[in-house]
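The values are calculated or read from the model by the stated rules, or taken from the named source; none is laboratory data. Small disclaimer: the values here were computed from a predicted structure and weren't measured. Cβ coordinates were reconstructed from backbone atoms using ideal geometry, including for glycine residues, and neighbour counts include every protein chain displayed. All accessible areas refer to the heavy atoms of the entire protein, side chains included, with ligands and DNA or RNA removed. Shrake-Rupley method; radii C 1.70, N 1.55, O 1.52, S 1.80 Å.
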Amino acid sequence: MPAGTHTIRMGGGTYTLTSQCTLKSNWTLDGSGSSGSGRTTIKPPTSWNRSGQSAQPQNTYYAIKVQNGNSIIENVTIQDIEFVDGGGKKADGAIRAFKARNLTLDNLVFKNFRLTGAYLERESGAEVKNCYFENTASNSIFDGSRTSQLWTRYLEDVTIKYNTFKTTYSNGYGYRGRGHEKAAIHNNTFDINNNFDIEIAHENEYGVQIYDNTLKQTISVPKSGQQSNPASRGYSYSINIYRNTSSSKEFVEGSRGWMEIAYNWVTSTTGNDRRFYTDFGSVSTSGDIKIHHNVVEGNRLSFIYVEGGGDGVGGRVNNLKVYTNTVYFSASHTATVIKLTKAGACNGWEIKNNVFVGSSGAQRSFISWDSASVVPSYTATNNVFQNVTNIPSNNHNSNPNLRLSGKKPYPYYSPANSGSNVVNRGTYVGFPYTGSNPDAGAFGWNLVPQGIWVKIIAKHSGKGMDVSGVSQNEGANIHLWDVSSSNHNKLWRFNYNGGGYYRIQVRHSSKYAKVSQGSTSNGASIQQASWVASDEFRWNPVAVENGTYYRIENKKSGKVIEVSGGSTSNGADIQQWTYGGGNNQRWRFESP
């Protein structure tokens, strides 16, 4: 085919290649679908046999190559195709891309390859979305650490979203990446039987976001510190891990400076480890490690565990900030809340405003270190402990009295009432709060849940705020609808905007709730729109009924969100009106 913009359309059926296929700039390879009876299936040549060979990627043993020597290749799309190994894992993978710009892999299925489904190296602007990876990393290869369902190296401005990673055997990572700058890994589902869901192990990572994923195994960032300050590239963090839901036995493993782990919900119900954060290393970790607003249940061993490396120096984790987490420990062990083994001097630690609840039948101590460790320099204040011993001064030893009912994690782990022992117990560490002092734990009294997606449900009907027709459009109407499902046009997040006001963001479109045309009149509709720094976008949730419900006031008009006429019908308009205390003006927040 000549150079230029071309689309190669493939009908349904199975196509077995006789040799590797090479795509060029501005080409689209478009199948008829990656599933169903009419799908397009591509298999590698039957003559290939890579079984037992080196785990290093070889350019010639991938079904599709997106590469032009060492030159840049641009604007290639591969979509709506199933890729399946011909049998016996004889091909290294389905797609190998090198120095591609704006590569898109969309709605693809990868099954049963030897090393990986897709291998991307030195890419910029890549998107991998809506893909399904199953058993595309070998289950018994001699170097299992090199195999992954999706494998990348040195990517810039990359997005990996809405994919599923699955294995039915013991080895093979979900996603493995090296050397990112500006990467977003979000809304993926991991069903990996063993190894890591995500591994990012490189000396320099800049602006990596891992969020809104459903995880089953560990996120591993196993490098002894971030070598360069991300601020040198314009980023405030090396890796930011937030809003993930995980059932992993060990949530984050590995040392990494300038890292933030926040707003995650980890329910560790299987496995022997059951830790939240583990740091293995042998050199100093530079830059803050911030761990805040996480909810953890079933934590069997230590919440924070630091173990030095094998060089006799020990790990040196500096500037660890552990704030406002809620942690429930299981009864099956008595490990300390924080433990150091063969650890060097760890300076600048702050443990504040957390809730740590141990089992009455298996009480544990707060912190411990072995004879090979150096006593850490730490401050631990304003935490609430229950069934934990050796508590430092300026902390609280009592039942936190949290609400252990409703949807998890919110409102399940919020204060039961204004008299809960977490209310006003904290100290200011930079996050919004109400009352005389911040509350301890991940969710505050009279404070909307930070950083998590919730349904916004009207008291009078049990139905909730919903964007009509799942529209992405500016000005799409927000109305009342049944919220028995968790569709993304029914999920909202409160983003603090200062002064007690929040932006209310809907998940499916990332737009925000606003009053139509900035009106101050009763009856003005509530719509979604792209954020503008204007007061019709700013909302103040005010707790009523002992914090169970809220009225949501608009900053510009002073009026509140209500369901028109108190209707309980699907499709009823949601508008603003002067507050009168009606149940159609009262809303509760609930995790999906």
Given a 1.4 Å probe and every protein chain left where it sits, what share in percent of the accessible area of the stretch 179-329 is carbon and sulfur? 41
How large is ³J(HN,Hα), in whole Hz, for each residue of the stretch 531-541 in order, when computed from phi with the Karplus curve 6.51 cos²θ - 1.76 cosθ + 1.60 and θ = phi - 60°, using x for Gly and Pro? 4, 10, 6, 9, 5, 6, 9, 9, 10, 10, x
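Determine the shape class of the stretch 464-592: with a ≥ b ≥ c the square roots of the Cα gyration tensor eigenvalues, call it rounded for a/c under 1.5, and otherwise prolate if a/b is greater than b/c, oblate otherwise.
Judged from the Cα gyration tensor, the stretch 464-592 comes out rounded (a/c under 1.5).
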Fraction of antiparallel bridges per DSSP, the chain only, in percent to nearest 5: 20
Dipole size in debye (nearest 20) for the chain around its Cα centre, Lys and Arg Cβ +1, Asp and Glu Cβ -1? 300
Taking LYS43 as the anchor, which lysines have their alpha carbon closer than 16 Å to its alpha carbon, excluding any fewer than eight residues away along the same chain? LYS65, LYS89, LYS90, LYS111
Return the long-range amide H neighbours of TYR132 (sequence gap of 5 or more, or a different chain), with a cut-off of under 5 Å between placed amide H atoms. LEU108, VAL109, PHE110, THR164
Counting Lys and Arg as +1 and Asp and Glu as -1, what is the net charge of the other residues whose Cβ lies under 13 Å from the Cβ of THR22? +3
Run the accessible area of the stretch 435-592 with a 1.4 Å probe and give the carbon-and-sulfur part as a rounded percent. 39
By the C-alpha gyration tensor axes a ≥ b ≥ c (rounded if a/c is under 1.5, else prolate when a/b exceeds b/c, else oblate), the shape of the stretch 111-198 is prolate
Given 5 Å bins starting at zero, what is the percent of C-alpha pairs of the stretch 444-516 in each, up to the one with the largest pair distance? 3, 16, 26, 25, 19, 9, 2, 0
Could you look at the stretch 370-432 and say what percent of its accessible area is carbon and sulfur, using a 1.4 Å probe and all protein chains? 42
Which net charge results when you count Lys and Arg as +1 and Asp and Glu as -1 among the other residues whose beta-carbon is under 14 Å from that of LYS90? +3
Before I look further, what does the stretch 416-455 give for accessible area per residue, probe 1.4 Å, in whole square angstrom? 35
List the aspartates and glutamates whose Cα sits under 12 Å from the Cα of LYS407, skipping any in the same chain fewer than 8 residues away. GLU590
Solvent accessible area, Å² - MET1, 1.4 Å probe, full protein context: 120
Would the stretch 1-109 count as rounded, prolate or oblate if I go by the C-alpha gyration tensor, calling it rounded below 1.5 in a/c and otherwise prolate when a/b exceeds b/c, oblate otherwise? oblate
